[in-house]
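Written out below as structure tokens is the structure these notes cover.
The values are calculated or read from the model by the stated rules, or taken from the named source; none is laboratory data. Bear in mind that the values here come from a model prediction, so they are computed numbers and not experimental data. Positions of Cβ are backbone-derived with ideal geometry, glycine not excepted, and every protein chain shown enters the neighbour counts. All accessible areas refer to the heavy atoms of the entire protein, side chains included, with ligands and DNA or RNA removed. Shrake-Rupley method; radii C 1.70, N 1.55, O 1.52, S 1.80 Å.
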Amino acid sequence: MNFKLFSSVFCLILGFLTFAQNANGIKVKPLSEYPQDKIQTDKFGNRFYYDAQQKAKIYNINDEPVIVMDEIVLVAKPHFNNRLDRNFYSFLSKKLNRVYPLFLQALYQYREISEETANMSDKKERRKFIKAKQQELANQYEAKLRDLTTTEGRVFAKLMYRATGKTVYQIIKELKGGWSAFWWNVKGNLANVEINEPYAPHKNREDAFIESLLQSNWNMGYLRPYDGYQNFQIKK
């Protein structure tokens, strides 16, 4: 089943991001060339910039860049009960790789909109800004969104929850209001996409597969981690 019903809502928060993996090792710059508002200080008082994409801390010691890589988290593939499970895991891997670049920009757009509207006390001004943003994104990306399948739409919704702690329903409600969110939830259900369902790898088998694929791809450098990707905690 095609995911067309979702396209106009996702245009509120969605753009498209392409990126290439660095094949020549880690790229570093002097600490002064990184965004200064992103510079952190470790427990020893040393300043560093955390590069989420390369999963490394960049220090400047004796005027030379020093790289401290994150620990690699080894995640075993989930237990497969049968060949059908294994095939579904491979199927989800393909869907995740297709959706992930769209998700990254969706997350960026949502965070940008949230930040820019946070201090807007005028509700009319806020609605006008969001509407303009929606139209801008719709003109650029609606064709791509119409090509999403139901499974890809479901994976997208799960990724958004993992990154924001909010369901797509809650994000729509936040940006457009409860009535709009209600109707898009109804339409999402008609397309077999539950936009009010949380991401729960501890109890949902599909979510456990997605989490395993995310960790594996991040470790191998196939997918770019987003800022805050390590903050999500799986319940036991």
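Values as computed for the structure displayed
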quantity: Residues of the range 28-69 classified as at pLDDT below 85 and under 16 Å from ARG224 (Cβ atoms), total; calculated: 7
quantity: Pairs with Cβ under 7 Å, 6+ apart, first in the range 69-89 and over 25 Å from TYR59 (Cα atoms) and assigned to a loop (DSSP other than H, G, I, E, B), second open to solvent by 80 Å² or more (accessible area, probe 1.4 Å) and at pLDDT 90 or above; calculated: PHE80/ARG86
quantity: Filter pass, ASP227 being at pLDDT 90 or above and either open to solvent by 50 Å² or more (accessible area, probe 1.4 Å) or acidic (Asp, Glu) (or both); calculated: no
quantity: Residue list for the range 42-63, filter: under 21 Å from the mean Cα position of the chain (by Cα) and either β-branched (Val, Ile, Thr) or not in a strand (DSSP E or B) (or both); calculated: ALA52, GLN53, GLN54, LYS55
quantity: Neighbours by Cβ (under 8 Å, 6+ apart or cross-chain): first from the range 124-145, assigned to a helix (DSSP H, G or I); second aliphatic (A, V, I, L, M) and modelled with pLDDT under 70; calculated: ILE130/LEU12; LYS133/LEU12; GLN134/LEU12; LEU137/LEU12; LEU137/ILE13; LEU137/LEU14; TYR141/LEU14; LEU145/LEU14
quantity: Residue, most open to solvent (accessible area, probe 1.4 Å), within the range 192-222, restricted to residues that are among the aliphatic types (A, V, I, L, M) and at pLDDT 90 or above; calculated: ALA208
quantity: The lone exception for GLN170 - which of (1) part of a helix (DSSP H, G or I); (2) modelled with pLDDT under 85 it fails; calculated: (2)
